[in-house]
Amino acid sequence: MIKELWNSFPRILEQRINALLDEAEPTPAKAFQIYKACKNESLWTESFDKFSKHLENFFSLPKSERRKSVLDSVLDAPMSMATFEGFHLNFRNAAVDNHSLLNLANWAHHLMRLSYKTDCVVISEDVLGKTLHYITHPPLFEKAQDIEFEDFCSAWKKIVFKLFGKKYDGEFNKILSELQWLNAQLKLEEQNPSERAFAPTIYLTQTEIDWTIAVQAAATEHQQIPKFPLSRGPQKPRLMDLERTIRLYNIVQTTKDPEFIKHRDNIRATILDRCASLLREKAS
């Protein structure tokens, strides 16, 4: 599992950074801006405090359920699509959960340490946490959404230089080169899936495809993952492996053991990566 995670690390990190927005709330300034827009269009006549409660309820919903109709039901009149688009968050106007950010830094640190076999300070939780904080609190000249692995590397370089200058350049450049090579390989595989040497094409039935899509959607939205629809269970090795990982994920969802809990996000990331691989590599 560690090797698979490492090979997909650049892509999983991208996904997890961008997913921080899915559980974020608007900053106080953004919330007030939305409130004023609704007031100016005569969509809301009551207090900001009451509006804020509706706003909190809206952003507590899974992203897939944040529809205009949800807001229309509590406003004095239906809003325009242009106004609804103003509810969109990016890292410049979103308040990202600090606990989630630190968990991501912890995950990245442990995977780098185990896979690259180094304890160099440039991969410490503190450095990676500062890098993620820079990305999720971007200056005006930096991207505020659709973060790519190259953006992470750029931010990481800036943080390492700010903290240490060129002191660790030798080790840092080796780590960075390997990660950039992994990212380049992933891009080639995504562009030419038929040329993947390490993962052969898999033939999936429509039932297997539908289940994989449902698993991917449930894991993305932190919802209960559906069981395989046939009573005999999956018969293909990669689907059986996915089902075993799901069983492990279900265990850590309910356990109170801290040793299991700390791996919850890692297992979820593995499920998402395996679903993406199955759907990408299935025979058409």
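Excluding the site residues themselves, the longest part of the chain lacking any trypsin sites (Lys or Arg not before Pro) in a DSSP loop with at most 10 other Cβ atoms within 10 Å is 1-116.
When the accessible area of the chain is computed with all protein chains present and a 1.4 Å probe, what percentage of it is carbon and sulfur? Solvent-exposed carbon and sulfur of the chain make up 54 percent of the total.
Charge tally around residue 147: other residues with Cβ under 14 Å, Lys/Arg +1 each, Asp/Glu -1 each, net -3. Just to be sure I understand, if you calculate mean projected area of the Cα convex hull in nm² for this structure, which of (i) 14.2; (ii) 18.1; (iii) 16.4 do you get? Identified label for the calculated read-out: (ii).
In a reduced charge model with +1 at each Lys and Arg Cβ and -1 at each Asp and Glu Cβ, the stretch 39-110 shows a dipole moment near 180 debye about its Cα centre.
Counting only C-alpha contacts under 8 Å and six or more residues apart, can you give the relative contact order of the stretch 73-145 as a whole percent? Result for the stretch 73-145 is 37 percent. Placing +1 on each Lys and Arg Cβ and -1 on each Asp and Glu Cβ, with no other charges, gives the chain a dipole about its Cα centre of roughly 440 debye. For residue 161, the shell of other residues with beta-carbons less than 10 Å away shows a net charge of +4, using +1 for Lys and Arg and -1 for Asp and Glu. Solvent exposure of the chain amounts to 55 Å² per residue of accessible area, where only protein heavy atoms count and the probe is 1.4 Å. For residue 95, the residues whose modelled amide H falls within less than 5 Å of its own, excluding neighbours fewer than 5 places apart on the same chain, are 25, 27.
Residues whose amide H comes within less than 5 Å of that of residue 147, counting only those at least five positions distant or on another chain, are absent (H built at 1.01 Å from N in the peptide plane). Helix-only mean residue ellipticity at 222 nm, the chain, DSSP H runs n ≥ 4 weighted -39,500 (n - 2.57), per residue, nearest 500. What is it? Calculated at 222 nm, the ellipticity per residue is -20000 deg cm²/dmol. Amide H contacts for residue 202 (H built 1.01 Å from N in the peptide plane; partners 5 or more residues away or on another chain; cut-off under 5 Å): 282, 283. Measuring nothing but how far apart in sequence close Cα pairs (under 8 Å, 6+ apart) lie, relative to its length, the chain scores a relative contact order of 20 percent.
The values are calculated or read from the model by the stated rules, or taken from the named source; none is laboratory data. Everything quoted here is computed from the prediction, not taken from an experiment. Glycine also receives a Cβ, built like all others from the backbone with ideal geometry; neighbour counts cover every protein chain displayed. Only protein heavy atoms, including side chains, enter the accessible area calculation; ligands, DNA and RNA are left aside. Shrake-Rupley method; radii C 1.70, N 1.55, O 1.52, S 1.80 Å.
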